[in-house]
1. Relative contact order for the stretch 258-333 using alpha-carbon pairs under 8 Å, separation at least 6, rounded to a whole percent?
2. Separation of the stretch 14-66 and the stretch 339-373 by C-alpha centroid, Å?
3. At 7 Å along Cα-to-Cβ for each site, give me the label-to-label distance between ARG347 and ALA331 in nm.
4. Based on DSSP H runs of at least 4 residues, each adding -39500 (n - 2.57), what is the mean residue ellipticity at 222 nm of the chain after dividing by all its residues, to the nearest 500 deg cm²/dmol?
5. For the stretch 190-223 and the stretch 135-162, what is the centre-to-centre distance using only Cα atoms, to the nearest Å?
6. Can you compute the FRET efficiency between ASP155 and GLU255 using 1/(1 + (r/R0)^6), with r the Cβ-Cβ distance and R0 = 41 Å? Round to the nearest 0.05.
7. Between helix 228-237 and the chain, what is the angle of the helix's C-alpha long axis to the longest principal axis, kept within 0 to 90° and rounded to the nearest 10?
8. On a 0 to 90° scale, report how tilted helix 175-184 is relative to the longest principal axis of the chain, with both axes built from alpha carbons and the result rounded to the nearest 10.
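The values are calculated or read from the model by the stated rules, or taken from the named source; none is laboratory data. Treat the numbers as computed from the prediction; the structure is a model and nothing was measured. Reconstructed Cβ throughout: ideal geometry from the backbone, glycine too, with neighbour counts over all protein chains shown. The protein model used for the area step is the full one, side chains on, heavy atoms only, and it has no ligands, DNA or RNA in it. Shrake-Rupley method; radii C 1.70, N 1.55, O 1.52, S 1.80 Å.
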Amino acid sequence: MSTELKVTAARLHRVRLPLVHAFRTSSHRKTLLDHILVELEDASGAVGWGEIASPSDPYYAAETVETCWHIAEHYLLPAVLGQSWERPEQVPQLWAKVRGHQFAKAGVDVAAWVLWASAQGVPLAQALGGTRSEVVAGVSLGIEPTIDDLLAEVDRQVAAGYPRVKLKIAPGWDVEPVRAVRAAHPGLDLHVDANGIYSEAGEHLTALRALDEFGLTMIEQPFAPRNLLAHARLQQVLRTPVCLDESIETLDDLETAIALEAVRVLNIKVSRMGGLTAARAAHDRAQQAGIPVWCGGMHEFGIGRAANVAISSLPGFSLPSDVSASEKYYARDVITPPVTADNGVVRVPTATGLGHTVDTGLIAAHTVATLTL
Ligand code: OSB
Ligand code: MG
């Protein structure tokens with residue numbers, strides 16, 4: 001069935017939610033998050049929601065909440081408004097001239113996919129070509145004040161049934177915490193994420209090489225995003241697979257990383273790749289190259305989280321994704337029901353579109369700015 005869709009109105013909502021547990025990475029610490037929810041409306045009054053999950057500061061990627069708002073308001077939404085399209089893959093083509101700004105693009109792209117899936121009367125996962133009815137979730141644990149705090153947090157998550165745990169590392173918080181967690185959980189699917197903070201200088205490289213002893217599933221993004229060569233060189237001296245996150249913002253980045261043998265596992269983030277259209281294309285390319293993928297998260301509220309669950313249902317997502325339950329991060333989420341995990345397994349919704357009801361009352365209560373175009 002080919003339906004022509006045309007977005008006739010668009011709204012941005014800057015929504016602030018407190019985190020239930022402060023999260024620290026190698027670059028920053030967060031207790032509340034502002035994400036921008038994108039609402040696209042067609043002529044029939046149907047709406048599709050997306051989420052711009054940019055961190056507030058430019059420490060993970062170059063974007064901030066303010067740059068996302070600016071780009072969505074002045075470039076992306078004006079490019080989409082009033083244009084007819086038949087498939088959501090055509091929507092990113094409407095803003096093809098805009099370079100970068102992947103988080104801002106992702107929010108609008110997801111809203112277009114949700115609007116389209118709803119119009120087709122199919123669940124988002126099915127619209128994307130998903131094949132799994134459930135996806136395995138892992139948890140991502142921040143840098144904790146002490147190793148005992150970290151061990152307690154790992155115990156809590158393992159007891160909750162999560163089969164994979166990822167630990168944030170940074171120089172000075174790497175070999176010892178990993179040794180302690182590994183000693184307490186010998187069989188656990190465990191991996192580390194450095195968010196690009198290491199260099200190839202002596203002590204840093206010594207620590208990264210020492211991590212090779214702990215049977216980690218992967219070492220994620222040890223070096224700076226654009227330094228693909230350093231990742232390729234590290235992979236040559238490690239058994240542990242090197243996973244890329246921040247390095248891969250476009251399909252061209254992925255192509256280069258594959259050619260350099262700098263990526264043995266790929267973290268696909270819908271936000272970082274600019275939306276579901278690009279995320280699915282990255283999945284297809286990785287599958288062709290024999291590279292296992294998983295879906296990374298950005299502490300999404302329910303809308304972005306539901307998009308992550310949907311993309312994780314594609315066949316190449318063979319490793320656990322960062323799609324843990326809403327309650328791990330938020331006391332109340334912007335969707336009902338929230339995303340839940342049962343023994344670390346999240347069911348892929350079978351309802352049409354997003355597969356959850358968007359709680360507009362809760363959104364209104366937590367909105368700090370809105371804009372209608
Ligand atoms: O590198 O995966 C990352 C959060 C903020 C910035 C970077 C990262 C993260 C996470 C979040 O690890 C994981 C999640 O959303 O479950
Ligand atoms: Mg990461």
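1. Details: 95 pairs, mean separation 23.0, N = 76.
The normalised contact order for the stretch 258-333 reaches 30 percent.
2. Result: 13 Å between the Cα centres.
3. The answer from the label model is 2.8 nm.
4. Values: 14 runs with 125 residues, N = 373.
Helices in the chain give a 222 nm mean residue ellipticity of -9500 deg cm²/dmol.
5. First find each Cα centre; the distance between them is then 19 Å.
6. Values: r = 41 Å, r/R0 = 1.01.
Taking R0 as 41 Å, the efficiency between ASP155 and GLU255 is 0.50.
7. Once rounded, the angle reads 40 degrees.
8. Roughly 90 degrees, rounded to the nearest 10.
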